[in-house]
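First comes the structure, then the notes that go with it.
The values are calculated or read from the model by the stated rules, or taken from the named source; none is laboratory data. This one's a predicted model, so the numbers in the text were calculated from it and none came from an experiment. No Cβ is skipped: glycine too gets one built from the backbone with ideal geometry, and neighbour counts run over all protein chains shown. Surface areas here come from the heavy atoms of the whole protein model, side chains and all, with no ligands, DNA or RNA. Shrake-Rupley method; radii C 1.70, N 1.55, O 1.52, S 1.80 Å.
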Amino acid sequence: MGTSTALSWPRRLLRGRAVKPLIFLLCLLPFAGLFWRGWSNNLGPNPEQTVIWTTGLWALRLLLITLAVTPLRKLTGWAELARLRRMFGLFVYFYALLHFTAWLGLVNGFSVDMAVRDIAKHPFVLAGMSALLLMTPLALTSTNGMIKRLGARRWQTLHRLVYGVGVVAVFHFWWGKLAKNNTASPTVYALILAVLLGLRLWWAWRAAQARRAHLKGERPADDQGKSRSLA
Amino acid sequence: MSKRQDQGFEHPTSSEITPREIYRDRRHFLAAAGVGAAAGVAALTAHHAQATPAGGGQPAPGKLAALASHKNTALSTTQTPTPYKDVTTYNNFYEFGTSKSDPAKNAGSLKTRPWTVVVEGEVHKPRTFGIDDLLKLAPMEERVYRHRCVEGWAMVVPWLGYSLSHLLKAVEPTGNAKYVEYITLLDPAEMPGQNDPILQWPYLEGLRMDEAMHPLTLLTFGLYGEVLPNQDGAPMRMVIPWKYGFKGGKSIVKIRLVEKQPVTSWMRAVPQWYGFYSNVNPDVSPQNWSQSNERLIGQGGGFGGLFSPRVPTQLFNGYGAQVASLYQGMNLTKFF
């Protein structure tokens, strides 16, 4: 089209071939770091805690990054950001699975019986487990083939589950830190999540208003078409 | 395996104990062999292989002032002590930060001399003790205790101290003394973590009078043959081995004998989870996680010890034979 020369440098960068492999490697860094620390016997006095905390924290961070893609795209107009969302989302699942496996294996010795008792008794564990379960259909339907099979609209509806995942995951983190009466960092994560979800509500509300105005025959708001998509 | 049991303690076969001289000697040996790091490491490894009982990390004390003591084997576990490095770098001491590594990093600002401890309340002879008086009050003993944190990890620590009962008898409790509360130093300049309102400072913990008078309750001044490092509660802390670690108040400046059950710092902060007794109990976990098993710190093994399995937690942390009678007739689920 010849328009790419007119694009700003971040957009040109985002369109580049190197972006995806680069982001992939960046997302892998926390895991590589953990593996290296294990390999060199450097996981600290309590290696179990190091692994569980690190994987959990990165699952949550990447979840917020995933949820930030769409708002960032809308605010900057960089449509190319959308290309990265699936990869971020799948890395959330990757770290969440590692977090879960570490808990199941290291804390409960892979005893399903003990794990089930743990989940039933402790809301904190139940929340983490729910987040993982809610994420599973999203990970399974992340392929292009599944988007086609489900139809874009139904796929999008299904993937709004990610908002629920965000709320439950932050609750899991917050409730865990409450045990040490130290909820400062979960509060920060909760605020970021509130902003990311709040923006979507705000856009949804504006879109609804614009539609009403349009039906009444008034001049449509200029962002009407764009804001229908919430995801 | 001819271990014998009495008073609830497992006693070792003689081959399982590392004599103090050997772990002491190692340092001198290393220093003498200091021709080069490689030589030192080789020597250490060779010596380590000889002296260490199977599966144990070899302790290596730091460079603090030595504290003379005699071993109290009757009140000691025979488990291999957790390496000195882990005991002194993996700490919960919120007065110096909330990360496990914070206390070792930040506790240098604490001045432990001069140091006084006020003992007051329901006593006939209230008194302010200087730290040197306290060090001399009773013969210093080394006792190797199991240490269980409410977070689900455990250590084995060779503490130095004497039974708290010696101090309490010295001030002659009145008939009204039903509980003992002990209070950590309040000084945000020396304890920067106290600038964060995570808990209500100063840190306060307490015991029932009979718990406080129990011989196992240790007024503690050192570990591994040396005075306590600041991050472990210098210059004086409490150690109650059948309770979760947080009952052991650190850097104590005041001990009060009182009539009413104290509201401890953790009971005030998160009352649904932290009870007054806080006895180690694998069947009761008001916490977020099960207390049925624990990770023993410093076991070694591949991947930093990641795959060394957890071990079952014992009622009263294995001190049931000595302390269960204190709680006869009490519902330990209700009085957790």
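Measure of size requested: the Rg and Dmax of segment B:211-266, with Cα atoms as the atom set and Å as the unit; please supply both.
Rg and Dmax of segment B:211-266, Cα atoms, are 11.9, 37 Å.
Starting at the first residue of segment A:78-93, write each ³J(HN,Hα) from the Karplus equation 6.51 cos²θ - 1.76 cosθ + 1.60 with θ = phi - 60°, in whole Hz, x for Gly and Pro.
Calculated HN-Hα couplings, in order: 7, 4, 5, 4, 4, 4, 8, 4, 4, 5, 4, x, 5, 5, 4, 5 Hz.
With a cut-off of at most 11 other beta carbons within 10 Å, and DSSP calling the residue loop, which trypsin sites (Lys or Arg not before Pro) in segment B:78-187 qualify? Please list them.
none
Bin all alpha-carbon pair distances of segment B:198-323 at 5 Å intervals from 0 and give each bin's fraction as a whole percent.
2, 9, 16, 19, 20, 18, 10, 3, 1, 0, 0
Can you divide the C-alpha Rg of segment B:60-200 by 2.2 N^0.38 Å and report the result to two decimal places?
Cα-based Rg divided by the globular estimate yields 1.18.
Quick one: grab the alpha carbon gyration tensor of segment B:120-240, order the square roots of its eigenvalues as a ≥ b ≥ c, and give me rounded if a/c is under 1.5, else prolate or oblate depending on whether a/b is larger than b/c.
Rounded shape, in that the Cα axes give a/c under 1.5.
Can you pull the mean other chain C-beta count within 10 Å for peptide A:180-188?
Shielding by partners across A:180-188 averages 4.
Under 12 Å from the Cβ of residue B:188, count the other residues' Cβ atoms, weight Lys and Arg +1, Asp and Glu -1, and hand me the total.
-4
Want the number for residue A:153 to residue A:36: 0.36 nm per residue separation, take away the alpha-carbon distance, what's left?
Additional length available on full extension: 37.9 nm.
Which order, highest average first, do B:238-247, B:90-99, B:317-326 follow once you tally other Cβ atoms within 10 Å for each residue and take the mean per peptide?
My ranking of the peptides, most packed first, is B:238-247, B:90-99, B:317-326.
When the Karplus curve 6.51 cos²θ - 1.76 cosθ + 1.60 is applied with θ = phi - 60°, which whole-Hz ³J(HN,Hα) does each residue of segment B:97-107 get, with x for Gly and Pro?
Karplus-based 3J(HN,Hα) across segment B:97-107 equals x, 9, 7, 4, 8, 4, x, 4, 6, 9, 6 Hz.
Find the Rg to Rh ratio for segment A:45-144, where Rh is the Kirkwood radius over alpha-carbon pairs and Rg uses the same atoms.
Value, to two decimals: 1.07.
Please report the net charge: other residues with Cβ closer than 11 Å to the Cβ of residue B:262, K and R +1, D and E -1.
+2
Normalise the Debye intensity by I(0) for segment A:161-218, one equal point scatterer per Cα, no solvent, then take log10 at q = 0.21 Å⁻¹ and round to two decimals.
Here log10 of I(q) over I(0) equals -0.79.
For residue A:194 and residue A:6, what is the calculated FRET efficiency with R₀ set at 35 Å and r taken between the beta-carbons, to the nearest 0.05?
E(calc), rounded to 0.05, equals 0.45.
Taking only the Cα atoms of segment B:236-283, how large is their convex hull per residue, in Å³?
In segment B:236-283, the Cα convex hull volume per residue is 97 Å³.
Which three semi-axes in whole Å describe the equivalent ellipsoid of segment B:254-327, each the square root of 5 times a Cα gyration tensor eigenvalue, listed largest first?
Each semi-axis is the square root of five times an eigenvalue, giving 30, 16, 13 Å.
Residues of B:270-283, mean number of Cβ from any other protein chain within 10 Å of their own Cβ, rounded to a whole number?
Per residue, the average neighbour count from other chains is 1.
May I have the pair-distance distribution P(r) for the protein assembly as shown, computed from all Cα-Cα distances with 10 Å bins from 0 and rounded to whole percent?
Going from the shortest bin to the longest, the percentages are 3, 14, 23, 22, 16, 11, 7, 4, 1, 0.
If the elastic network links every pair of Cα atoms under 10 Å, which of A:73, A:212, A:11 fluctuates the most in the Gaussian network model of chain A?
A:212
So which lysines can residue B:136 reach, going by Cα to Cα under 21 Å and dropping same-chain residues fewer than 8 places off?
The reachable lysines, counting only those whose Cα sits under 21 Å from residue B:136, are B:71, B:111, B:125, B:169, B:250, B:254.
Indicate the gyration tensor shape class of chain A (rounded, prolate or oblate), computed on the Cα atoms with a ≥ b ≥ c the square roots of the eigenvalues: a/c under 1.5 is rounded; otherwise a/b larger than b/c is prolate and the rest oblate.
prolate
Within a Cβ distance under 13 Å of residue B:279, other residues only, what is the Lys/Arg minus Asp/Glu net charge?
That sum, taken over residues with Cβ under 13 Å, equals +3.
Can you list, bin by bin at 5 Å, the percent of alpha carbon pairs in segment B:127-188, starting at 0?
4, 11, 16, 19, 20, 18, 10, 2
So for segment A:101-153, what percent of the C-alpha to C-alpha distances run longer than 19 Å?
43 percent
Calculate log10 I(q)/I(0) of segment A:4-81 for q = 0.11, 0.19, 0.25, 0.28 Å⁻¹, where I(q) comes from the Debye formula with a single equal point scatterer on each Cα and nothing for solvent.
For segment A:4-81, the Cα-only Debye profile gives -0.44, -0.88, -1.17, -1.29.
Per-residue HN-Hα couplings for segment B:190-204, Karplus 6.51 cos²θ - 1.76 cosθ + 1.60 at θ = phi - 60°, whole Hz, x for Gly and Pro?
Result, ordered by residue: 8, 10, x, x, 6, 6, 8, x, 5, 10, 7, 8, x, 5, 10 Hz.
For segment A:95-171, what is the accessible area per residue in Å², given a 1.4 Å probe and the full set of protein chains?
54 Å²
Peptide B:91-100: average number of partner chain Cβ atoms within 10 Å per residue?
2
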